[in-house]
1. Which residue, of 82, 73, is assigned to a helix (DSSP H, G or I), free of Cβ contacts under 8 Å to residues at least 12 places away in the same chain, among the aliphatic types (A, V, I, L, M) and surrounded by fewer than 20 Cβ atoms within 10 Å (Cβ to Cβ)?
2. Check residue 97 against each of (1) in contact (Cβ under 8 Å) with a residue 12 or more places away in the chain; (2) outside any helix (DSSP H, G or I) and name the one condition it does not meet.
3. State which residue pairs qualify: first residue surrounded by 13 or more Cβ atoms within 10 Å (Cβ to Cβ) and inside the range 111-122, second residue part of a helix (DSSP H, G or I) and among the charged types (D, E, K, R) in any location, beta carbons under 9 Å apart, and separation of 6 or more residues or different chains.
4. Surrounded by 15 or more Cβ atoms within 10 Å (Cβ to Cβ) and either in contact with a Cys (Cβ under 6 Å, 6 or more places away or on another chain) or free of Cβ contacts under 8 Å to residues at least 60 places away in the same chain (or both), is that true of residue 7?
5. Run down 126, 67, 104 and say which single residue is closer than 20 Å to residue 41 by Cα, of a type in the set (Gly, Ala, Ser) and part of a helix (DSSP H, G or I).
6. Does at least one position in the range 97-105 carry a residue that is closer than 22 Å to residue 65 by Cβ, at pLDDT 90 or above and in the same structural domain as residue 81 (by TED's automatic domain parsing)?
7. Exactly one condition in (1) surrounded by fewer than 18 Cβ atoms within 10 Å (Cβ to Cβ); (2) in contact (Cβ under 8 Å) with a residue 60 or more places away in the chain; (3) of a type outside the set (A, V, I, L, M, F, W, C) is not met by residue 47; state its number.
Amino acid sequence: MTDRAVRQAVIDALASDPRIDAPQVGVAVDDGIVTLTGHVARYAAREAAEAAARGVCGVRGVVVQVAVRLPAAQRPRDEDLARRADLVLRWTMTLPPDAIRVKAREGWITLTGTVAGPSQKSEAQAAVATIPGLLGLINLIDVA
């Protein structure tokens with residue numbers, strides 16, 4: 001598949017996902033490596049754009065340079081982000097209680113701790129990624 005065909009397939013994948021404001025995401029392809037640029041209003045949209053690109057046939061890798069931009073009035077305090085992340089993790093029934101620790105700094109959340117399997121690590125990340133106002137997420141959870 002040519003880079004031009006891969007680029008168009010990625011653009012189509014982004015446009016078909018209602019979580020993504022596709023016109024805000026630029027797509028470049030070089031030898032099957034897709035670079036996504038631009039900005040979105042939610043971290044979950046950034047993750048959805050990456051997942052959409054990875055799901056396209058012919059994509060060998062994805063570089064994500066998509067920023068999350070929020071108006072200053074919509075940015076929650078780090079304390080509120082940490083509290084929300086902690087609550088979301090506690091509400092996620094398949095995660096062990098108190099196994100994951102949350103740190104928030106400048107709109108980014110870092111997850112640490114230990115879980116039993118890779119699916120729990122992914123589930124924790126997916127749950128926290130939906131928090132409104134999140135600018136970024138670092139998942140440092142260990143798998144036992």
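The values are calculated or read from the model by the stated rules, or taken from the named source; none is laboratory data. This one's a predicted model, so the numbers in the text were calculated from it and none came from an experiment. Note that we place each Cβ from the backbone using ideal geometry, even for glycine, and neighbour counts take in every protein chain shown.
1. Details: 82 fails: free of Cβ contacts under 8 Å to residues at least 12 places away in the same chain.
73 is the lone residue from the list that is assigned to a helix (DSSP H, G or I), free of Cβ contacts under 8 Å to residues at least 12 places away in the same chain, among the aliphatic types (A, V, I, L, M) and surrounded by fewer than 20 Cβ atoms within 10 Å (Cβ to Cβ).
2. (1) is the only condition that residue 97 fails.
3. Qualifying pairs under 9 Å: 111/121; 115/121; 115/123.
4. Values: surrounded by 15 or more Cβ atoms within 10 Å (Cβ to Cβ): yes; either in contact with a Cys (Cβ under 6 Å, 6 or more places away or on another chain) or free of Cβ contacts under 8 Å to residues at least 60 places away in the same chain (or both): yes.
When the stated conditions are applied, residue 7 passes them.
5. On the way: 67 fails: part of a helix (DSSP H, G or I); 104 fails: part of a helix (DSSP H, G or I).
From the options 126, 67, 104, the qualifying one is 126.
6. Going residue by residue through the range 97-105, those that are closer than 22 Å to residue 65 by Cβ are 105.
Then keep just the ones that are at pLDDT 90 or above; that gives 105.
Cutting the leftovers down to in the same structural domain as residue 81 (by TED's automatic domain parsing) gives us 105.
The answer is yes; a qualifying residue exists.
7. (1)
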